[in-house]
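Just below is one structure, and these are the notes that go with it.
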Amino acid sequence: MSLRLKMEQTAKNKKSNIILALDFPFEKPENRGNLFSKAERTLEAVHPYLSAVKFNRHVVLPLGLFDGVQRLIQRIHDLGLMTIMDCKINDIGSTNQTIAEYYYAAGFDALIANPFVGWEEGLKPVFDVARKLRRGVILLVYMSHKGAWEGYGQTICDAETGEKMLQYSSFAKKALKWDADGVVVGATYPEKIREVHEILGEKIPIYSPGIGTQGGKIQSALKAGARYLIVGRTITLAENPAETAKRIRDLASQCK
């Protein structure tokens, strides 16, 4: 079963399209046990309101991929949720392949990759590994922060057609061509979500980070075409993460 279908099934079973970004502030290396405990407590509290959990390097670096992170992945899978590694793979093909193999070996169901590096000797090896292992690749199409326009919003000349287009539009078209399992478009830019959705239709789901702390709105992101909402600090730093996660899940359900 493809990642797209697994995510759809999980979201249906859990009655949630919310993905938790397991983001926490810097902890001194000697306090990494405290970081693990916070991550574990948060997961136990909020898992009923999620469909997946996304990791970033600021959890992987202190906890260790085959140590604390793998233990968290196993627990997340035991809870019936999917796992995504937000590594934004962005190097030459041989390096990308090895990075992907390590993350998949740790148990991740999908990883996020940056299409700037291209296909040949870029992301093709990642897709090859993912297909072999029946895992997923999600492409980064437009980020959620204010400076995203400097790269993802620039106007380019398509190398194959000579057509002028916006960088993120080109990436959305590559997602179709490469048969990606999803794309990331920041919830802070609903107009970009709408444009990307017009390219992708219902073939490839849109994952939207930036809800809450960065200013992204649930209703505007979903109405524009987002399928999954990625929420991090709004939940992880809340006084009551479970209550906050439930409120976000319920608001998102009302917008469907």
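Distance between the 7 Å Cα→Cβ label points at E40 and I156: 4.4 nm. When the chain is described by a simple charge dipole with +1 on each Lys and Arg Cβ and -1 on each Asp and Glu Cβ, the residue from L140, I99, I73 located farthest towards its positive end is I73. Put simply, when 113-122, 134-143, 147-156 are sorted by average Cβ atoms within 10 angstrom per residue, most first, you get 134-143, 113-122, 147-156. Between (1) 56, 41, 32; (2) 52, 41, 36; (3) 46, 44, 39, which matches Cα extents along the principal axes in Å calculated for the structure shown? Checking each listed value against the structure points to (2). Which angle between 0 and 90 degrees, to the nearest 10, do you get for helix 124-133 versus the longest principal axis of the chain when only C-alpha atoms count? Roughly 50 degrees, rounded to the nearest 10.
Take each peptide in 59-65, 158-164, count the other Cβ atoms within 10 Å of every residue, and average; sorted highest first, the result is 59-65, 158-164. The long axis of helix 93-106 is offset from the longest Cα principal axis of the chain by roughly 30 degrees. Listed by chain and number, the lysines whose C-alpha is less than 21 Å from the C-alpha of K54, apart from same-chain residues fewer than 8 away, are K6, K12, K14, K15, K38, K88, K217, K246.
Please give the helix 167-178 orientation as an angle from the longest Cα principal axis of the chain, in degrees from 0 to 90, rounded to the nearest 10. Helix 167-178 sits at roughly 90 degrees to that axis.
Where a number appears in this text, it was derived from the coordinates with a stated rule and is not lab data. This one's a predicted model, so the numbers in the text were calculated from it and none came from an experiment. Virtual Cβ from ideal backbone geometry, glycine too; neighbours counted across all protein chains shown.
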